[in-house]
1. Being at pLDDT 95 or above and crowded, with 19+ Cβ neighbours inside 10 Å narrows it down to one residue among 15, 69, 27; which is it?
2. Among (1) farther than 18 Å from residue 82 by Cα; (2) open to solvent by 60 Å² or more (accessible area, probe 1.4 Å), which single condition is residue 61 missing?
3. Given the structure, is residue 14 touching a residue at least 24 places away in the same chain (Cβ under 8 Å), among the acidic types (Asp, Glu) and over 18 Å from residue 109 (Cα atoms)?
4. Residue by residue through segment 45-58, note down the ones that are open to solvent by 30 Å² or more (accessible area, probe 1.4 Å) and under 15 Å from residue 98 (Cβ atoms).
5. Would you check which residues across segment 89-105 are among the hydroxyl-bearing types (Ser, Thr, Tyr) and either at pLDDT below 95 or surrounded by fewer than 17 Cβ atoms within 10 Å (Cβ to Cβ) (or both) and list them?
6. Which of the residues that make up segment 72-88 are touching a His at 6+ places or on another chain (Cβ under 8 Å) and either open to solvent by 50 Å² or more (accessible area, probe 1.4 Å) or of a type in the set (Gly, Ala, Ser) (or both)?
7. Please count how many residues of segment 66-112 are in contact (Cβ under 8 Å) with a residue 12 or more places away in the chain and not in a helix (DSSP H, G or I).
Amino acid sequence: MGKRDEWIAKYAEDLKGKCGMEPDMDLLTKVTIGCGPAIYNADAQTVAASQDSELETVKNNFLIKKLGLSDGPELMEALHKVIEIYGKSERNKYRAVVYYMLTKHFGKEAVYS
């Protein structure tokens, strides 16, 4: 099993155990691949949910640029909801897991097909 596969398994574990959802492994794999080399960088692989600047970056670079959503208050609301589901006290909120949940939330799975 390669390094990426190990990370995907870890993300699936987080989705099941911490977020209470059964992951679509095909979509999770595609979202993880979409994150690129960030998944191997200790700082980049997580979302600093307590930093407004980090949330703005996720909103602009992922929700607007990648998923093609229009800017509006619902983007931040969804981001906060996903952080809430993941668990505010959870120290490591993996970027691929957050992106996966946002993709599902907005029904934008087709972006990865």
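1. Numbers: 69 fails: crowded, with 19+ Cβ neighbours inside 10 Å; 27 fails: crowded, with 19+ Cβ neighbours inside 10 Å.
Every option except 15 fails the conditions.
2. (1)
3. Details: touching a residue at least 24 places away in the same chain (Cβ under 8 Å): yes; among the acidic types (Asp, Glu): yes; over 18 Å from residue 109 (Cα atoms): yes.
For residue 14, the condition - touching a residue at least 24 places away in the same chain (Cβ under 8 Å), among the acidic types (Asp, Glu) and over 18 Å from residue 109 (Cα atoms) - is met.
4. Step one: of segment 45-58, the residues open to solvent by 30 Å² or more (accessible area, probe 1.4 Å) are 48, 50-54, 56-57.
Selection gives 48, 50, 51, 54, 56, 57.
5. The first filter runs over segment 89-105 and keeps only residues among the hydroxyl-bearing types (Ser, Thr, Tyr), leaving 89, 94, 99-100, 103.
Within segment 89-105, just 89 meets the criteria.
6. Filtering segment 72-88 down to residues touching a His at 6+ places or on another chain (Cβ under 8 Å) leaves 78, 81-82.
78, 81, listed by residue number.
7. Selection size over segment 66-112: 12.
This table checks each residue for (1) more than 19 Å from residue 21 (Cβ to Cβ); (2) of a type in the set (D, E, K, R).
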| residue | (1), (2) |
| --- | --- |
| 33 | yes, no |
| 72 | yes, no |
| 81 | no, yes |
| 89 | no, no |
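The values are calculated or read from the model by the stated rules, or taken from the named source; none is laboratory data. Because the structure is a prediction, the values reported are computed rather than measured. Heads up, the Cβs are rebuilt from the backbone with ideal geometry, glycines too, and the neighbour counts pull from every protein chain shown. The protein model used for the area step is the full one, side chains on, heavy atoms only, and it has no ligands, DNA or RNA in it. Shrake-Rupley method; radii C 1.70, N 1.55, O 1.52, S 1.80 Å.
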